[in-house]
Structure formats: C-alpha cells, structure tokens
Amino acid sequence: FLLTLSLLIALTSAAGHGCCNRPPWLETFRRRSLLPVDIINLDSNDTSEFSADYGNIIKAAPSAVLHPSSPADIAELVRSAYNAPQPFKIAARGHGHSVRGQALAPGGVVVDMAALGDGGANDRINVRAAPDANSPPYVDAGGEQLWIDVLRETLKSGLAPRSWTDFLHLTVGGTLSNAGIGGQTYRFGPQIANVYELDVVTGKGEIMTCSREINSDLFYGALGGLGQFGVITRARIALERAPQRVRWLRLFYTDFGNFTRDQELLISMPAGGFDYVEGQALLGQKGVDNSSFFSSADVEKVAALAAQFDGLYMLEGGVYYDSSSSVDEKLEVLLKQLSFVPGLNFSNDVSYTDFLARVPELPDDGTLHPWLNLFLPKSRVRDFQIGVFKGIIKDTDPAALVLLYPMNKNKWDEGMSAAIPNEEVFYTVGLLRFATAENWKFLDGQNDEILRFCEEAGIEMKQYLPHYTTQEDWKKHFGDKWDRFAELKRKFDPKVLLSPGQHIFA
Ligand code: FAD
C-alpha cells in the first residue's frame, strides 16, 4: 500500500493549527502514512474554503485537507485514522452546499471530493445505454460529480436520470446522502430511489460495492445516511430516454385550498399528466421577480393581484414533449381540471436542458442562509399554513423563496435511511431565506419558533437536510429507524470517524 499512496495534504493554520500548533495525531499520521512531504502545503488559503459552507453560518477549520486522486487514497486515509492511537475525524466534502456545517471536520481531515474528478470530469461518468437486452440503461458516476455534468454526459446518448434536484451544482454523493428531491419526486421517488449500486469507502477503510442484493445493509444505510457509514465514490443511477423540450408553467392561486388540491390532483395522475410539479408561497411579496420566466407585463399583472390578496401561491409545472407530440392539446385538457385564477397562467417553452439547469450557481457574496426544510404530512399542511405563513413569518422581510409541494410516499423506499412522515402524501416546505450578519439570528429564531409550533401542534414533521445537535433529537428524527441506524454505524464506522459535522454520534 505504501507504493500506491498519492495523497495531497494541505495543513491549515487557519484555526490555530499552524505549523507550531498542529494536533499531535497529525504528526503521527504523517509519519506512518508516509505522505510525500514535498507536497504538504502550509498555505491556509488552500484550506479556508473547507472551513465553511453555503450556509455561511458555521465556520470550523480542519487540520488537513485530502485531495484524493482515487478512491484508494480515501480508503488509505480512513484506514490511517482507524488505526491511529488517536483516531481523527473525516468529512467528505462534495460541493459544500450544506447550510449547517455538515461537511466540515473541525480539527480533522476534510476530503476534497472534487479532486477525484480532476483527471477530467467525464472520466468518471460512464453511460451504459444498452447494457444488455433485458437491462435498463444506467450511468456510473463518481460520488464527486456534479449533477449538471451527469446531465451533460448522459444527454450525449439521448438519456438522462429521471429524478432531479432544482439546482444541479450539487454532487452525486452529497444529494444521495440526503435524498435528492424536486418536481419529479412524486413520480419517480427521490434520487436515492433511483440508484442500482454504490461503491463506498466504509469507516474501516474498506472499499465495498453494494446494491439491493449485495451488501444490502450498506446500500440501504448509505442512501439518505448523511455520510455516516462511508464515502460514496461511485453510484450507478437509472436512466431514461430524455425528452427534447418542456412546456414550463406557472399558475397563480389566491386560495390555498385550491392550490394544494390542484397539486395533489396532479401528483395523483399517472404518466400523461404533468411531468414536474412544484409550488411556491409568495408571502408578503409584491409579486414575482422579473426573472427570465416572466415578461414585464406579466410581472405587473401578478403584482396587481398580490396587492389585493394577503397571500399568493404559485403552482409550477412542467410537461415534457418531443417536437412530434401535441403538447397544446394535452395541456388544454389538463388545465381545464385546475382552479388557478383565470388568466393567471403563464408558460414558457424551453429545451429539457435549460429547464433542468434553470437555477444558476451564484457567487458567494457573503450572504448567510439560515434555511429550514421540512416534510409535513398532508393532513397538517393547512395548519402549517395558518400557523407559519399567516402567523410566525407573516410580516418578515420577504427576501425568501418559500417552496411547497407534495410527493407520494410509495415512491420512497422506506428501507433507506432518509426519514419521512408517516402519511401517503406529504409536502416539502423549504424556507429559503437570505440573511445578513445582522438579521440571521432573528430569522433563525423564527426557525426555532416554527419547530416549536409543529411540536406543540402535534404536526409530525421531519426535517429534510436535518440539523440537530443532541442525540435525543436525532433519535426522535429517525424514530423507528434509529436502532437500525445506530447498528449500522457500529458495523461500518465503529470508531465514529465519518461526517462529524452532522453531530449524530459523539
Ligand atoms: P456537501 O454539503 O459537500 O455534503 C453534505 C453531506 O454529505 C456532508 O455530511 C458530507 O460529509 C456528506 N457527503 C458529501 N459527499 C459525500 C460522499 N460522496 N459520500 C458520503 N457522504 C458525502 N436538495 C434537494 O434535495 N433538492 C434541491 O432542489 C436542492 N436544491 C439546493 C439548492 C441550493 C442552492 C443549495 C445550497 C442546496 C440545495 N439542496 C437541495 C440541498 C443539497 O442537496 C444538500 O445540501 C447536499 O448535501 C449538497 O450536496 P453537496 O455536494 O454540496 O454536499
């Protein structure tokens, strides 16, 4: 193993671990793992980006960063930690788009997953369009790959994954560690339900391939497993034929009941209805922003309505089609069944790629993101609307995107680690608020109030992209799944090395 080791470690001095103040384990680690000393980098600029995440709320420097050139490098690092007299913590960092420090490793080692793809992003995305006569197509993608790159590569074969997040600058390993949800989840399940096989480096430093049939406990555990059981270095993801175009719709409602009824109707339809269903609550806003979707005349039309009503809801839909299909007729039939405000339905016609890649990557301008994402049982979504939208956050500065859309529980695989409510239809609500150093604590206080409100009102919600700091709260979060989750931790990461930023295990 000594010969194959090609690790690039950057030591940070950013958090008091400078050259004269390194933790003792780091010296031992360097000696024992025979790291090539000439590529040890003491420049703290190199590691500062590994000390924070998209949330910009939690900052914690690692002692070192690993830039692996292969999964074997990650395995070697984990084995070194596992065998060290003082085991150290390790966090895989995908694209760092967590908001509560989940991909940080304070004082430990962050694995810069992007380095795995440095040989050229597409070396680690391999499409099998026709594996054999009876098997569906799939793509093998490195855990470090961004979904936008997976899309570009699979489209070359006229194929694409079928379940997406709204934003594609996230890694395969990062979203599969949570669930990966979006407007196709109601039909195909979350991204974790669309995976055939994984390669995982466990917390003992073993490289294991797993699937529903082989090492199935690791497979089910790792999907939605918050990085607790291993580092996902490859995922085999289901593909389908990619449509050419999308009719992208936005329909407005002043009545919350009509809005959710229509969403639920659409997600109950088999193929032949919409292909994408999401929604937003426009709270206290003067209307919609003049994004590329709306013309300026549309913006004024919506603003006039928003001024009259104390809450406006926007159903967002998508209908896929190819140039040959008669999308207009299909839409006419579908729209007749819906109860949006007459005349307030807008549409755009875009390519499938433009539709999926509609949310751009924004530069980090120092904005803080105290985001809260929840899953709510359908039976309590109205109570949530009254208590939260019309109560707790009613008069708050509207610099927010409030997502609200339903999905079908039967499209989730309950054997996987992700925790969801116990109702056949449940909603996701995403309070995506943009804060400054001055007001983020206020907004975060509101988040706490919302969680308290749910608790007191007996709304059995689950946090999505969960953030808890006590094990009691984690036990509650996982509910019936907790014992299994803890058992898998003992099996695959017995020294509790991995993803310390989730604060699940001491
Ligand atoms: P990171 O933040 O780097 O890591 C997240 C966690 O996973 C950490 O605990 C980390 O240690 C672990 N991890 C990372 N890589 C691996 C790996 N290869 N193996 C094992 N563990 C690993 N989510 C949705 O579901 N739908 C959306 O539409 C959506 N949109 C978003 C839009 C924005 C702008 C942002 C900031 C987030 C969005 N998210 C969405 C949330 C996002 O899916 C999660 O935050 C996800 O974890 C981010 O992926 P990442 O690659 O940045 O992971």
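Only the coordinates and a few stated rules stand behind these numbers; no lab work does. From a predicted model like this one, the values you see are computed outputs, not experimental measurements. No Cβ is skipped: glycine too gets one built from the backbone with ideal geometry, and neighbour counts run over all protein chains shown.
Structure notes:
- Region 356-393-region 122-165 distance, computed between alpha-carbon centres (Å): 30 Å
- Taking the number of Cβ atoms within 10 Å of each Cβ as an exposure proxy, the fewest-first ranking of 469, 353, 175 is 469, 353, 175.
- Arranged from fewest to most other beta-carbon atoms within 10 Å of their beta carbon, 376, 155 become 155, 376.
- Cα→Cβ-extended label distance, 7 Å offset, between residue 157 and residue 240, nm: 1.7 nm
- In this label model, residue 495 and residue 332 are separated by 6.9 nm, measuring between points 7 Å along each Cα→Cβ vector.
- Spatially proximal aspartates and glutamates relative to residue 378 (Cα-Cα < 15 Å; intrachain offsets below 8 disregarded): 262, 264, 278, 423, 424, 460
- Over the residues of the chain, the helix contribution to mean residue ellipticity at 222 nm works out to -7500 deg cm²/dmol, using -39500 (n - 2.57) for each DSSP H run of at least 4.
- Shape of region 404-506 from the C-alpha gyration tensor: oblate (a/c of 1.5 or more and a/b not above b/c, with a ≥ b ≥ c the square roots of its eigenvalues).
- Using C-alpha pairs below 8 Å separated by at least 6 residues, the relative contact order for region 350-506 is 30 percent.
- Structural descriptor for the chain: relative contact order 16 percent, calculated from alpha carbon pairs under 8 angstrom and at least 6 residues apart.
- Stokes-Einstein translational diffusion, the chain - Kirkwood Rh over all Cα pairs, 1.002 mPa s, 20 °C, in µm²/s: 90 µm²/s
- Greater than 18 Å apart at Cα, pairs in 89/489; 330/409; 204/481; 441/476; 59/495: 330/409; 204/481; 441/476; 59/495
- Annotation: amide H of residue 425 within the under-5 Å range of 378, 409, sequence separation 5 or more or interchain, hydrogens built in the peptide plane.
- Among the GluC sites (Glu not before Pro) in region 173-248, those placed in a DSSP loop whose Cβ has at most 12 other Cβ atoms within 10 Å are 213.
- Low-density loop positions, chymotrypsin sites (Phe, Trp or Tyr not before Pro), region 374-450 - DSSP coil, at most 13 other Cβ in 10 Å: none
- The relative contact order of region 408-477 comes to 32 percent, based on Cα pairs under 8 Å that sit 6 or more residues apart.
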